[in-house]
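Where a number appears in this text, it was derived from the coordinates with a stated rule and is not lab data. This is a predicted model, so every value here is computed, not measured. Neighbour counts run over all protein chains shown; Cβ positions are idealised from the backbone, glycine included.
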Amino acid sequence: MARVIQISDTHLGRQKAHFVGNWPPLRDWLVSQNPDLIIHSGDISVDGADVDDDFVFCREIMADLPAPMLVVPGNHDVGEPKSVHQPADDHRLERWNRQFGKDFWVKDEENWRLIGFDSMILGSGLAAEEEQFCWLEQQMDNANGRHIAWFCHQPLFINSWDDIDNGYWSVKREPRGRLQDLVKRFGVELIASGHLHLSHGFVLDGVQFVWCPSAAFAVGPDMQPPLGGEKQLGAVRYEFSDAGFTFERIHLPELTMMWIDDVVHEVYPPR
C-alpha cells in the first residue's frame, strides 16, 4: 500500500506573501499523514512565471517535507498557452525545469503508474507539447500492466469530454480530444487536477476524476462561474494498492480561509 497526498495551488511567494501563513499548518498536517509521496498539482508559486525568486522561495520553504514531492506546473508557474500577457514559452519552461525538474514525469507505486504532465502547454503549439504527447503515449505503452493515474494542473473539462471551450477553467478542446483517445486506449483509471480551487470528485465513463482544493484561497462567485464542487481549503489523500485505490478529499480547517476577491488587486492586479 502506498499513501500519496495531493496538494495544490499554494500560491507562495516572498514578495507577495498573502498566503504563506497557510504553509506551516499544511506542512504539519503532511507530517502527520506519513505519506510515501507528495504530489503538488501546480500553482506552487504566486507568480513564478515572471518572478524567479518565487521559485527560490518555494524550494526554501518546502525543503523539509516528510516525503519526496513531485510537481506539475500551473498557469502562475509557467504561463498559459498563447496568453497575451504571460504565455507559456520555452524560456518559462526552462526556468521551471531548472528549479523543479521536468514538467512531466512518471512514478511507479505498487502496481500503479502515476503520470504527471504539463497541462499549460496543451494547445500552445510549442515543440514541447508534441514531445509530451509522444512521451505520455510511450509511458502508458510501457506500463507493463500497471494501473494508470494522471495528475495535471487544469481539469481536462468541467462537465464532460464534449464541453465547448471553457476558456481559463480547463484544457482546450483540441488537445482534450487527444487526451480522451489516450484515456480510452490505455484504460486510465484516475485523473486528478487542481486549478479551480474547488474540492470535487465524480466518475465519468468509468474514470474517477478528482479536483484537489487549494491550500491558499477560494474564489468568490463574482470571479468564478458555478462549476461544481465545494469551496474549501484542503488536500486529497490516496491509498494505492495492487488491487486498486481509494481516495478522500480532506477539508483542513487549520488553514485560514481566504478569498482572492479581497486581495486580487494586490496579488494579481490588472495588466
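Once you have a ≥ b ≥ c as the square roots of the Cα gyration tensor eigenvalues for the chain, tell me rounded if a/c is under 1.5, and otherwise prolate or oblate according to whether a/b is larger than b/c. Rounded is the answer for the chain, as its axis ratio a/c remains below 1.5. Number of Lys-Lys pairs in the stretch 2-267 with C-alpha atoms under 23 Å apart and a separation of 8 or more places or on different chains: 6. Its DSSP H runs of at least 4 residues, each contributing -39,500 (n - 2.57), put the calculated 222 nm mean residue ellipticity of the chain at -8000 deg cm²/dmol, to the nearest 500. Over all pairs of different C-alpha atoms in the stretch 169-271, the reciprocal of the mean inverse distance, the Kirkwood hydrodynamic radius, equals 15.6 Å. Under 15 Å from the Cβ of VAL106, count the other residues' Cβ atoms, weight Lys and Arg +1, Asp and Glu -1, and hand me the total. Spelling it out: positives minus negatives among the neighbours equals -4. Fully extending the segment from ASP52 to ASN159, taken as 0.36 nm per residue of separation minus the present Cα-Cα distance, adds 35.0 nm.
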